[in-house]
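Enquirer: Would you mind keeping the following structure in view while I ask a few things?
Throughout, read-outs are computed from the coordinates displayed, never taken from laboratory work. What you see is a predicted model; the values in this text were computed from it and never measured. Using ideal geometry, Cβ is built from the backbone for each residue, glycine included, and neighbour counts are taken over all protein chains shown.
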Amino acid sequence: MFTIELIPEAIDDLGLLRKFDQQQVVATIEEQLLNQATEETRNRKRLRPNQLAEWELRVGEFRVFYDVDSQAAVVKVVAIGHNRGNKLFVHGKEFDL
């Protein structure tokens, strides 16, 4: 079982979403990352090395980027992005992975 931490930037990203979307993202984070944060699935995958995070969780048109510390059993959510077409927006700016 993992502990989930959101860094301040991720909390800010969450605050930019509509209330319904916030609830959907938080519910999916709790459902998907509490027990199996490091197992790849259809909606969870390990990313190629990049400056943002090691893992991505897809929640509809939203993307939750997180790192896992297996020894401390901590999942650190570092950003929540939004897909529009083939573009990803993180922290309100277009982002390339």
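Enquirer: List the chymotrypsin sites (Phe, Trp or Tyr not before Pro) within segment 20-97 that fall in a DSSP loop (any state other than H, G, I, E or B) and whose Cβ has at most 16 other Cβ atoms within 10 Å.
Expert: Working: sites: Phe20, Trp55, Phe62, Phe65, Tyr66, Phe89, Phe95; in loops: none.
Passing both the DSSP loop test and the Cβ count: no residue.
Enquirer: Please compute the Cα-Cα pair-distance distribution of the chain with 5 Å bins starting at 0, giving whole percents from short to long.
Expert: Going from the shortest bin to the longest, the percentages are 3, 14, 26, 29, 19, 8, 2, 0.
Enquirer: Then there is this: Dipole magnitude of segment 15-97 about its Cα centre, charges +1 at Lys/Arg Cβ and -1 at Asp/Glu Cβ only, in debye to the nearest 20? Don't jump to the answer; show the numbers that get you there.
Expert: Values: 13 positive and 12 negative charges, 64 e Å.
The calculated dipole for segment 15-97 is roughly 300 debye.
Enquirer: From the helices alone, meaning DSSP H stretches of at least four residues, give me the mean residue ellipticity at 222 nm for the chain, per-run term -39500 (n - 2.57), in deg cm²/dmol to the nearest 500.
Expert: Numbers: 2 runs with 26 residues, N = 97.
Theoretical 222 nm ellipticity from helices: -8500 deg cm²/dmol.
Enquirer: Here's something else I'd like to know. So, counting K/R as plus one and D/E as minus one, what does the shell of residues with Cβ under 14 Å around Ile11 add up to? Before the final figure, lay out the partial values.
Expert: Values: positive: Lys76; negative: Glu5, Glu9, Asp12, Asp13.
Summing Lys/Arg as +1 and Asp/Glu as -1 gives -3.
Enquirer: Also: Report the relative contact order of the chain, percent, no decimals, based on alpha-carbon pairs under 8 angstrom and at least 6 residues apart.
Expert: On the way: 155 pairs, mean separation 29.0, N = 97.
Normalised by residue count, the contact order of the chain is 30 percent.
Enquirer: Using the alpha-carbon atoms, what tilt in degrees (0 to 90, nearest 10) does helix 19-36 show relative to the longest principal axis of the chain?
Expert: 30 degrees
Enquirer: What distance in nm separates the two pseudo spin-label positions at Lys45 and Asp12, each 7 Å out from Cα along the beta-carbon direction?
Expert: Going by the 7 Å Cα→Cβ label model, 2.9 nm.
Enquirer: OK, next. What net charge is computed for the residues neighbouring Thr41, neighbours being all others with C-beta under 13 Å from the C-beta of Thr41, Lys and Arg scored +1, Asp and Glu -1?
Expert: On the way: positive: Arg42, Arg44, Lys45, Arg46, Arg58; negative: Glu31, Glu39, Glu40, Glu56.
Spelling it out: positives minus negatives among the neighbours equals +1.
Enquirer: Quote the Stokes-Einstein diffusion coefficient, in whole µm² s⁻¹, for segment 1-57, based on the Kirkwood radius over alpha carbon pairs, a temperature of 4 °C and a viscosity of 1.567 mPa s.
Expert: My calculation gives 104 µm²/s for D.
Enquirer: Test of understanding: given the chain, find the longest segment containing no trypsin sites (Lys or Arg not before Pro) that are in a DSSP loop and have at most 14 other Cβ atoms within 10 Å.
Expert: Numbers: sites that count: Arg18, Arg42.
Longest run free of exposed loop sites: 43-97.
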